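To start, the structure itself, in structure tokens.
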Amino acid sequence: MPHPFRHFYTITKHRHRVIAHCFRAGIGWQGLFHDLSKYGPTEFLAGARYYQGTRSPNERERELFGYSAAWLHHKGRNRHHFEYWNDLNPKTKLYEPVPMPIRYIKEMFCDRVAASKIYQGKNYTDAHPLEYYKRGNARIKMHPRTADLLEEWLTMLADRGERETFSHIRSLPNKEIGNHRK
């Protein structure tokens, strides 16, 4: 049974946490536009239909159909997802990950922390985002320099807490492809 109100509440609560984190990370204006595509019909209707409350509705849609149309729509419109940053390599003629600009890595970090808080609830610790990252296979799908920076920040969060981590992230310039260019 669809749960449009519960889904709306969950995505809005998540979005507001991401916005707050983005202000702490020095990208507040960018945070105001975080995940707006989730409120459009392609993503919202699927989210309401496959809502479970303990994980992304995209996971359920993927289990049922072998793919998630809502996720395909979302990742193609939101630059804070590493999946957005794949392009054709002119030398190999293969689609490969490219380095993400630092401001989107910052937003990805904020997104992951907020998602962990939403799904873990009272059980959340600063180690959860790193544990989730390590359980998955995102690292092998990201550009190595992007993955290194994200993992560095997630590890800092687990070891030193939010205050120090957000202070560090905020101190980094938003315009460059953060410590990525060789």
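Output the residue which, of all residues in the range 26-70 that are assigned to a helix (DSSP H, G or I) and of a type in the set (S, T, Y), is nearest to T10 (Cα to Cα). Once the filter is applied, the top-ranked residue is Y39. The set of residues in the range 20-33 that are open to solvent by less than 20 Å² (accessible area, probe 1.4 Å) and either without any contact (Cβ under 8 Å) to a residue 12 or more places away in the chain or among the basic types (K, R) (or both) contains only G28.
When the range 86-125 is filtered for residues that are touching a Lys or Arg at 6+ places or on another chain (Cβ under 8 Å), among the aromatic types (F, W, Y) and over 22 Å from L172 (Cβ atoms), the ones remaining, listed by number, are Y119, Y124. No other residue among I140, I118, I105 is within 30 Å of F8 (Cβ to Cβ), open to solvent by 30 Å² or more (accessible area, probe 1.4 Å) and among the β-branched types (V, I, T) apart from I118.
Residue-wise test of (1) free of Cβ contacts under 8 Å to residues at least 40 places away in the same chain; (2) surrounded by 13 or more Cβ atoms within 10 Å (Cβ to Cβ); (3) not hydrophobic (A, V, I, L, M, F, W, C).
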{"position": "D35", "(1), (2), (3)": "no, yes, yes"}
{"position": "Y39", "(1), (2), (3)": "yes, yes, yes"}
{"position": "T54", "(1), (2), (3)": "no, no, yes"}
{"position": "Y67", "(1), (2), (3)": "yes, no, yes"}
{"position": "H74", "(1), (2), (3)": "yes, yes, yes"}
{"position": "Y95", "(1), (2), (3)": "yes, no, yes"}
{"position": "V98", "(1), (2), (3)": "no, yes, no"}
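For the range 95-128, the set of residues classified as assigned to a helix (DSSP H, G or I) and either among the hydroxyl-bearing types (S, T, Y) or over 22 Å from F33 (Cβ atoms) (or both) consists of Y104, S116, Y119, Q120, G121, K122, N123, H128, listed by residue number.
Looking at the range 71-86 only, could you name the residues that are part of a helix (DSSP H, G or I) and of a type in the set (F, W, Y)? Selection gives W71, F82, Y84.
Quick grid of which residues meet (1) aliphatic (A, V, I, L, M); (2) surrounded by 12 or more Cβ atoms within 10 Å (Cβ to Cβ):
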site: A114; (1), (2): yes, yes
site: N123; (1), (2): no, no
site: H128; (1), (2): no, yes
site: E131; (1), (2): no, yes
site: G136; (1), (2): no, no
site: A147; (1), (2): yes, yes
site: D159; (1), (2): no, yes
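Here is the figure for the range 1-29: residues that are under 21 Å from L157 (Cα atoms) and of a type in the set (F, W, Y) total 1.
Candidates E63, E43: the one that is of a type in the set (D, E), touching a helix residue (DSSP H, G or I) at 6+ places or on another chain (Cβ under 9 Å) and more than 27 Å from T155 (Cα to Cα) is E43.
A count restricted to the range 1-19 and to residues that are among the charged types (D, E, K, R) and either within 21 Å of R79 (Cβ to Cβ) or without any contact (Cβ under 8 Å) to a residue 12 or more places away in the chain (or both) stands at 2.
The values are calculated or read from the model by the stated rules, or taken from the named source; none is laboratory data. All of these numbers come straight from a predicted model, not from anything done at the bench. Positions of Cβ are generated from backbone atoms using ideal geometry, with glycine treated the same way; all protein chains shown enter the neighbour counts. These area figures cover heavy atoms from the full protein model, side chains too; ligands, DNA and RNA do not enter into them. Shrake-Rupley method; radii C 1.70, N 1.55, O 1.52, S 1.80 Å.
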